[in-house]
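Visitor: Quick one: the structure is below, and I'll ask about it shortly.
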Amino acid sequence: MVNLRLTVIRFHHVALLFLLWPFLLTASPASVANWTVHAQPTRLVNGAPVLFQIKPPTRLESLNGTWIGHELTFSFDAKTKAWYALGGVSLEITPGTYPLELAGETVAGKLPSQNISFSRKFIVTKGKYPKIEVKLSVESKFTEPSPEQQKQIQEGQEIKKDYLSRVTPEREWSGKFAEPAVAAISDVFGSQRIFNGKTSSPHLGLDFRVPSGTPVEAMNDGTVLLARPLYFEGNFVVLDHGQGLLTLYLHLSEFKVKEGDHVKRGQVIGLSGGTGRATGPHLHVAVRWQGTYLDPAKLMQLALP
Ligand SMILES: [Zn+2]
């Protein structure tokens, strides 16, 4: 009898909770209810860029996120009334489930500004990258550099370490990322290559088969972060598109921009060539996000606001 009474009481409590549930939801702070979080593409793989689209439950002053050890700064798009951040999953990330942690600051009105947060998990699966072994032969100055050449390599590495890790939080990119040249693809992102019989690290860019002197266009709006010759990269242009996203253009024969210039998507930034460690004239384009390389082809497929 006692047991039965207890059961009845428990049942009543549960029933009460169900009845009150809608009120509990509306009464709870805005932090839990009504966040919509979307990722594009919907299937995330290692090596791919990702666009996060967030609709918070209330108007926000600012929105930040944490994603696999990276900080995301979201920007508000008035047209779609959503917050956007472009990020990625580096090639080295093992498949698994990773949370996107969001932290926002509400707009002060009747109530003072408030900090709200939300978390959503995403599944990352293994990206498919070709295991084609491309046999390449480059000059010995790239495989066995002299002390003087080693010094130049060192300088190049220091410049890259300094510049390529810079993050401009504000978004400068706008709309889709465009092809930097209209040409056939000669090597894709993530492929394994062999230099003079030695397996090198995976190919971290996209190669366009273009003859020397072909105009190379900015993939999106941005600021010229680097425009100078480096040992391996040759004549090298790096554009900063904001939110930690950079595009890199290698082996150019000529520069058409200088560091600090603002460029628009489609603007000619240089002419293609075969400077630096290149087996012949071609355009190597890379996408870098907060210290990690992402697949440029996948970036160009994203429909961006
Ligand atoms: Zn390449």
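The values are calculated or read from the model by the stated rules, or taken from the named source; none is laboratory data. Values in this document were obtained by computation on a predicted structure and should not be read as measured data. Glycine gets a Cβ as well: all are built from the backbone with ideal geometry, and neighbour counts include every protein chain shown. Each accessible area value is taken on the protein alone, full model and side chains, heavy atoms only, with ligands, DNA and RNA left out. Shrake-Rupley method; radii C 1.70, N 1.55, O 1.52, S 1.80 Å.
Visitor: What aspartates and glutamates could a cross-link reach from K160, if we take a straight Cα to Cα line under 15 Å and drop same-chain neighbours fewer than 8 places away?
Guide: Those aspartates and glutamates meeting the cut-off are E233, D240, E259.
Visitor: So how far, in whole Å, is the C-alpha centre of segment 45-72 from the one of segment 150-180?
Guide: What the calculation gives is 21 Å, centre to centre.
Visitor: Only Cα pairs under 8 Å and at least 6 apart count here; give the relative contact order of segment 57-216 as a rounded whole percent.
Guide: Rounded, it is 18 percent for segment 57-216.
Visitor: Also, quick follow-up: Can you send over the carbon and sulfur percentage of the accessible area for the chain, probe radius 1.4 Å, protein chains only? All intermediate terms of the calculation are to be shown ahead of the outcome.
Guide: Details: 9340 of 16360 Å².
Carbon with sulfur: 57 percent of the solvent-accessible area.
Visitor: Counting only GluC sites (Glu not before Pro) that are in a DSSP loop and have at most 14 other C-beta atoms within 10 Å, tell me the longest site-free stretch of the chain.
Guide: Details: sites that count: E92, E133, E139, E170, E259.
In the chain, the maximal stretch lacking such sites is 1-91.
Visitor: Continuing with this model, one more query. Using only DSSP helix segments of four residues or longer, with each worth -39500 (n - 2.57), what per-residue ellipticity at 222 nm results for the chain after dividing by its residue count and rounding to 500? Numbers along the way, then the final one.
Guide: Numbers: 4 runs with 53 residues, N = 305.
Result for the chain, helices only: -5500 deg cm²/dmol.
Visitor: Write down the accessible area per residue of the chain in Å², having rolled a 1.4 Å probe over the full set of protein chains.
Guide: Here the residues of the chain average 54 Å² of exposed surface.
Visitor: Quote the relative contact order of the chain in percent (integer), defining contacts as alpha-carbon pairs under 8 Å separated by 6+ residues.
Guide: 16 percent
Visitor: Could you pull out every one of the lysines with an alpha carbon less than 22 Å from that of K55, ignoring same-chain neighbours closer than 8 positions?
Guide: Filter leaves K79, K81, K110, K121, K176.
Visitor: Leaving ligands, DNA and RNA out of it, rank T94, T42, T106 by accessible area with a 1.4 Å probe, largest first.
Guide: Largest to smallest exposure gives the sequence T42, T94, T106.
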